[in-house]
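What follows is one structure encoded as structure tokens, with my remarks underneath.
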Amino acid sequence: MSQHRLIYLDNNATTPCDPRVVDAMVPYFYEKHGNAASRSHQFGWEAEDAVDYAREQIAALLEVEDKEIIFTSGATESNNLALKGVFEMYARKGNHIITLETEHKAILDTCKHLEKAGAEITYLKVKEDGLVDLADLEAAIKPTTILVTVMWANNETGVIQPMREIAQICEKHGVLFHSDATQAVGKIPTHPREIGIHLMSFTAHKMYGPKGVGGLYVSRKNPRVKVTAQMDGGGHERGMRSGTLNVPGIVGFGKAAEIAKNEMQQDAERISRLRDKLQNALMQLEETKINGNVDSRMPHVTNISFKHVEGEGLMMTFNQHVAVSSGSACTSASLEPSYVLVAMGLGDDLAHSSIRFSLGRFTTEEDVDFAVKVVAEGVNHMRELSPIWEMYKDGVDLTKIEWSAH
Ligand SMILES: *Cc1c(COP(=O)(O)O)cnc(C)c1O
């Protein structure tokens, strides 16, 4: 095993392209370089056919109609289009939107923007295991509520929300239901029509496709949902999203969807076995905690707190060997603990000591064995150096200590 081996366990940040995806894309950079909106020659027709085919591949994965897929530049844009588009389109019905504190920034920051435009937003707390409290959700609905937006699976913890139950509540109250399903699509079954989701965001680069291309599912019947376009232009994508289509990207997205449909189950089984192996080995270390509900969780993710160890520092001990994410986001000068973990009731210390491991299609058993070794070494090393760990080992009750403000 080479000393400089670098293992990628950060698949929730982005996934590598599947080689089959790249192979499908290549001709659309060269000989098939047409604009899908050019209606007067072979190049345009070829590009349009390729886009139509990709739309069918994605629709097949989601078990929806191909016309219900709008191509965008990624899940951030899809979330913006869904929330702003519904807010504007349904302004006469009301201005109230319900979401969770643990949503991705692409939802939360869009909500913040809408508040300035006159929206009322309810940010629901989650339970300690990261799941929404369904009674809280139902209680938050009022006559002015136009939309509930809840992510399918959380990017930091992998926790899967009870989509069917949420959809039933929305149905009962006649409220639209949007989901940021970016972390779920292509990895577990995500069938919005069957569940009762009316709009759903997703992106290619989290499912072994290329970066910079995403999709928004918009229900076309029962109910027929419309969103106001957020960009003015040529009226592409049924008037909801103007701009020349990213044909090679869309072709790759379609191929990624086809592969996911065929291989999802076997991938999930293999990857969850590796995830469990990694998790079980790391949980052998003292004072560790898994964050989030382990029974309703994506097959490839585990988020673990290593108590009394600072996650960002821990990561530095092994980031030449294993790439992961820590529960701290380095914003300006201060290390802020993950807002997702804080919303789940974790104290700053536990949130600060967390690491997210996200495996993927190309993760091997050797990768996991190697990662366990270097992460365990890192934790032990950090704890050897840590006065806090020494105090803990001496039996000092750390909860009774007053730390200076940070
Ligand atoms: C990655 C991610 C996004 C953003 O997707 P882009 O395609 O990079 O814009 C949005 N939501 C969730 C849950 C994500 O994990």
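The values are calculated or read from the model by the stated rules, or taken from the named source; none is laboratory data. These numbers were taken from a predicted model, which means no experiment stands behind them. Here the Cβ positions follow ideal geometry from the backbone for every residue, glycine too, while neighbour counts run over all protein chains shown. When the accessible area is computed, the model is the full protein with side chains, heavy atoms only, and any ligands, DNA or RNA have been set aside. Shrake-Rupley method; radii C 1.70, N 1.55, O 1.52, S 1.80 Å.
When the range 384-406 is examined, which residues are found to be assigned to a loop (DSSP other than H, G, I, E, B), at pLDDT 75 or above and open to solvent by 100 Å² or more (accessible area, probe 1.4 Å)?
Across the range 384-406, the qualifying residue is only ASP394.
Taking the range 54-84 as the search range and keeping residues that are within 16 Å of the ligand (Cβ to nearest atom) and small (Gly, Ala, Ser), which one is most open to solvent (accessible area, probe 1.4 Å)?
SER73
Within the group GLN265, GLN284, GLN279, which residue is open to solvent by 20 Å² or more (accessible area, probe 1.4 Å), in a helix (DSSP H, G or I) and either among the polar types (S, T, N, Q) or within 16 Å of the ligand (Cβ to nearest atom) (or both)?
Step by step, each of GLN265, GLN284, GLN279 is checked, and only GLN265 is open to solvent by 20 Å² or more (accessible area, probe 1.4 Å), in a helix (DSSP H, G or I) and either among the polar types (S, T, N, Q) or within 16 Å of the ligand (Cβ to nearest atom) (or both).
List the residue pairs whose Cβ atoms are under 6 Å apart, where the first residue sits in the range 144-159 and is closer than 13 Å to GLY94 by Cα, the second is at pLDDT 95 or above and among the basic types (Lys, Arg), and the two are 6 or more positions apart or on different chains.
Here the result reads ILE146/LYS93, each pair linking the range 144-159 to a residue that is at pLDDT 95 or above and among the basic types (Lys, Arg).
What is the number of the single condition among (1) open to solvent by less than 10 Å² (accessible area, probe 1.4 Å); (2) within 13 Å of the ligand (Cβ to nearest atom) that VAL227 does not meet?
(2)
Consider GLU63 against the criteria (1) free of Cβ contacts under 8 Å to residues at least 24 places away in the same chain; (2) on the phi > 0 side of the Ramachandran plot: it satisfies all of them except one. Which criterion is unmet?
(1)
If you check SER332 against the conditions, is it open to solvent by less than 20 Å² (accessible area, probe 1.4 Å) and at pLDDT below 95?
Spelling it out, it is not the case that SER332 is open to solvent by less than 20 Å² (accessible area, probe 1.4 Å) and at pLDDT below 95.
Check off (1) in contact (Cβ under 8 Å) with a residue 12 or more places away in the chain; (2) assigned by TED's automatic domain parsing to the domain that holds GLU269 for LEU398 and give me the number that stays unchecked.
With (1) in contact (Cβ under 8 Å) with a residue 12 or more places away in the chain; (2) assigned by TED's automatic domain parsing to the domain that holds GLU269 applied to LEU398, the lone miss is (2).
Here is a list: ALA371, ALA351. Which entry is among the small types (Gly, Ala, Ser), crowded, with 20+ Cβ neighbours inside 10 Å, at pLDDT below 95 and outside any loop (DSSP other than H, G, I, E, B)?
ALA351
Return the total of residues in the range 149-165 being within 16 Å of the ligand (Cβ to nearest atom) and either surrounded by fewer than 21 Cβ atoms within 10 Å (Cβ to Cβ) or within 18 Å of SER219 (Cα to Cα) (or both).
Final tally of qualifying residues: 5.
In the range 1-45, how many are assigned to a loop (DSSP other than H, G, I, E, B), under 30 Å from VAL375 (Cβ atoms) and open to solvent by 40 Å² or more (accessible area, probe 1.4 Å)?
Total satisfying the criteria: 9.
Would you mind telling me which numbered condition in (1) within 24 Å of ARG224 (Cβ to Cβ); (2) more than 12 Å from the ligand (Cβ to nearest atom); (3) surrounded by 18 or more Cβ atoms within 10 Å (Cβ to Cβ) GLU171 fails?
Against the list (1) within 24 Å of ARG224 (Cβ to Cβ); (2) more than 12 Å from the ligand (Cβ to nearest atom); (3) surrounded by 18 or more Cβ atoms within 10 Å (Cβ to Cβ), GLU171 comes up short only on (3).
Which pairs do you get when a residue that is within 16 Å of GLU237 (Cα to Cα), found in the range 34-57, comes within reach of a residue that is of a type in the set (Ser, Thr, Tyr) and in a helix (DSSP H, G or I), reach meaning Cβ atoms under 7 angstrom, with the pair 6+ apart or on two chains?
Here the result reads ALA50/TYR28, each pair linking the range 34-57 to a residue that is of a type in the set (Ser, Thr, Tyr) and in a helix (DSSP H, G or I).
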